[in-house]
Amino acid sequence: MALARLLGRDAELAQLDAAWRATQEGEPQLVLLWGRRRVGKTFLASHFIKGKRSVFFGATQQAERIELGRLAEAVRRELGSDAVDLAGGGFASWEAALRFLAALARDAPLAVVIDEVPYLAESTKGFASVVQAVWDHLRPQSRLMIMLTGSAVGMIEDMLGAGGALRGRPTLALRLDPFSAIDGQVFLPDLEPTGYLEAYAACGGYPLHLRRWDARVGTEGNLRRLACTPGAILFEDAFGILREELPDVGGYPRILAAIGRGRTRQSEIADEAAQRVEHPLDVLVRAGFVRRSVPLGATRRTRPLYEIDDAYLAFWFSVLYSDLAQISAGQGHAVLRRRRGQWQKHLGWVFEELARDHAVRMVAKGVLPDDLLVGRWWSTSGPATEIDVLGLRGSQSVLLGEARWQAGPFGRRDAARLMAKWSAVPNPSSEEPMLALWARGGIQPEIMTNRVLGFDLAQMLDRET
């Protein structure tokens, strides 16, 4: 069966191709490819081995003897019955299987993909140590490539970390993350900017989610079909993504739901979740589901805010989570209408994230000073003040930015309101600050100067601006 076109992973595919060339020249390769469910690991690995002498084995969650039997069938399917006959028709252990595959690589280069290694680590005690033992004793000039993939990010990183069996062994370690809003456009090139950002806000940067979004249907139709229907991909996938990383105990969904409802301080999260949250928050931060945010330029003692660090999961917890039972009961249409305010608030958050990303890109391109440090800022004492995008040169504030998910353009009054916050920011420059304004509708042309910049959504999504 023909594979769908691989999109957006050119850099990773080039690295794998380089590793394969080294394999062909007698330099064995141990490749680790990991990342959350739905980021495209299996898809990338399948594309990479196409046309190569290879074995692809997808682990399940079955007993060791069953998995070894499935591996023997994969070898028979990919390399022919003669290959399995050489092994006596099957494998007694994973060490025997890997040593046999290494022996097959003496005749010609061989790529062996073992997909979802964490499943094998559950059924075979010390599986990573078995890989280590086989790898450490490969014959010189072996032409074997072993690629291990996994969705349980924490487990893979433990294998690679201090004390991990595979520490220092991989010749190539690739972590696949969800696509950024800029890069995700490759999946929906026909959508206009507003429609695309709405798609990204619901799907996050997960390739399969974006592929399922129908550019011919409006945002509401896609949300009904993909998020507000029992069993639909955006309704279901969050469960699997969280299950890969988080134990059943610890109240993690309650904590994420509290953050999704706007409780961002530790005390607020604890009150909302009705539990102690110090350790669970640390686990969520290490797993990459939550990030700690402090104002730009703040000291280490500043108490952080906690935010969900994934557009899809933020959508799921802020818009869907409270009404999952109602969606399961077939009331998704009503839920979508009732949660319209939360959806718009989520869109505003995604838009603000994109504005900061755009500011960073402008620094890299020289549109803004190349020593400008960009981030978010809010007051931690005195009157409440928040700046969506603050720019520091050294310790001085020199740029004020605001991002709004609004259709109309920024005008003179908007610029004046932003300028009024200048005295509240840390160490404001004695010179007039630079203002940067982001809105779907951009900025009224008459207020643009060399000190007042304005951008619409199309510019924010354009890699060249």
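The values are calculated or read from the model by the stated rules, or taken from the named source; none is laboratory data. Please read all numbers here as calculations on a predicted model, not as lab measurements. Here the Cβ positions follow ideal geometry from the backbone for every residue, glycine too, while neighbour counts run over all protein chains shown.
Tabulated data
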item	result
Within region 412-443, considering residues that are touching a helix residue (DSSP H, G or I) at 6+ places or on another chain (Cβ under 7 Å) and in a loop (DSSP other than H, G, I, E, B), the one surrounded by the fewest Cβ atoms within 10 Å (Cβ to Cβ)	Arg440
Matching residues, region 143-168, being part of a loop (DSSP other than H, G, I, E, B) and modelled with pLDDT of 95 or more	Arg143
Any hit, region 256-267, residues being closer than 17 Å to Val153 by Cα and within 20 Å of the chain's Cα centre (by Cα)	no
Considering residues of region 175-194 that are buried (at least 21 other Cβ atoms within 10 Å of the Cβ) and part of a helix (DSSP H, G or I) only, the residue nearest to the chain's Cα centre (by Cα)	Gly184
Residues of region 444-463 satisfying the condition of being farther than 20 Å from Phe351 by Cβ and loosely packed, with under 15 Cβ neighbours inside 10 Å	Pro445, Glu446, Thr449, Asn450, Arg451
Whichever residue in region 347-384 is buried (at least 19 other Cβ atoms within 10 Å of the Cβ) and touching a Phe, Trp or Tyr at 6+ places or on another chain (Cβ under 6 Å) and, among such residues, is farthest from Thr264 (Cα to Cα)	Ala355
Hits in region 198-211 (condition: within 19 Å of Gly260 (Cα to Cα) and of a type in the set (A, V, I, L, M, F, W, C))	Ala199, Ala201, Ala202, Cys203
Residue satisfying condition, being closer than 23 Å to Ser151 by Cα, assigned by TED's automatic domain parsing to the domain that holds Ile327 and either surrounded by 15 or more Cβ atoms within 10 Å (Cβ to Cβ) or of a type in the set (A, V, I, L, M) (or both), within set Leu223, Leu197, Leu208	Leu208
Condition broken by Thr264, with the remaining ones in (1) of a type outside the set (Lys, Arg); (2) touching a strand residue (DSSP E or B) at 6+ places or on another chain (Cβ under 9 Å); (3) closer than 22 Å to Leu347 by Cβ; (4) in a helix (DSSP H, G or I) satisfied	(4)
Selection count where residues are in a loop (DSSP other than H, G, I, E, B) and in contact (Cβ under 8 Å) with a residue 24 or more places away in the chain, scope region 444-464	4
Criterion: under 23 Å from Ile308 (Cα atoms) and either in contact (Cβ under 8 Å) with a residue 24 or more places away in the chain or β-branched (Val, Ile, Thr) (or both) - qualifying residue of Leu354, Leu372	Leu354
Residues being within 12 Å of Leu33 (Cβ to Cβ) and assigned to a loop (DSSP other than H, G, I, E, B) - total across region 113-142	1
Pair list, Cβ under 7 Å, 6 or more apart: region 276-291 residue closer than 20 Å to Tyr312 by Cα, other residue of a type in the set (Val, Ile, Thr) and in a strand (DSSP E or B)	Leu281/Val290; Leu284/Val290; Phe289/Ile308; Val290/Ile308
Residues of region 431-443 that turn out to be of a type in the set (D, E, K, R) and touching a residue at least 24 places away in the same chain (Cβ under 8 Å), as a count	2
Count - residues of region 212-224 that are within 23 Å of the chain's Cα centre (by Cα) and more than 10 Å from Ala202 (Cα to Cα)	3
Output for region 1-56, where each listed residue is basic (Lys, Arg) and either part of a strand (DSSP E or B) or under 25 Å from Arg139 (Cβ atoms) (or both)	Arg21, Lys52, Arg53
Scan of region 222-253 for residues that are within 17 Å of Pro280 (Cβ to Cβ) and outside any helix (DSSP H, G or I), ordered by number	Leu246, Pro247, Asp248, Val249, Gly250, Gly251
From Leu305, Leu234, Leu256, residue being of a type outside the set (Asp, Glu), touching a strand residue (DSSP E or B) at 6+ places or on another chain (Cβ under 7 Å) and crowded, with 22+ Cβ neighbours inside 10 Å	Leu256
Odd one out for Leu390, checked against (1) assigned to a helix (DSSP H, G or I); (2) more than 28 Å from Leu234 (Cβ to Cβ); (3) at pLDDT 95 or above	(1)
Phe43 being buried (at least 16 other Cβ atoms within 10 Å of the Cβ), hydrophobic (A, V, I, L, M, F, W, C), over 18 Å from Leu98 (Cβ atoms) and touching a residue at least 24 places away in the same chain (Cβ under 8 Å)	yes
Answer from Gly330, Gly348 - the residue that is under 30 Å from Arg224 (Cα atoms), touching a residue at least 12 places away in the same chain (Cβ under 8 Å), in a loop (DSSP other than H, G, I, E, B) and not β-branched (Val, Ile, Thr)	Gly330
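Quick grid of which residues meet (1) over 25 Å from Glu157 (Cβ atoms); (2) modelled with pLDDT under 95:
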| residue | (1), (2) |
| --- | --- |
| Ala83 | yes, yes |
| Trp94 | no, no |
| Leu98 | no, no |
| Arg106 | yes, yes |
| Ala111 | no, no |
| Ala121 | no, yes |
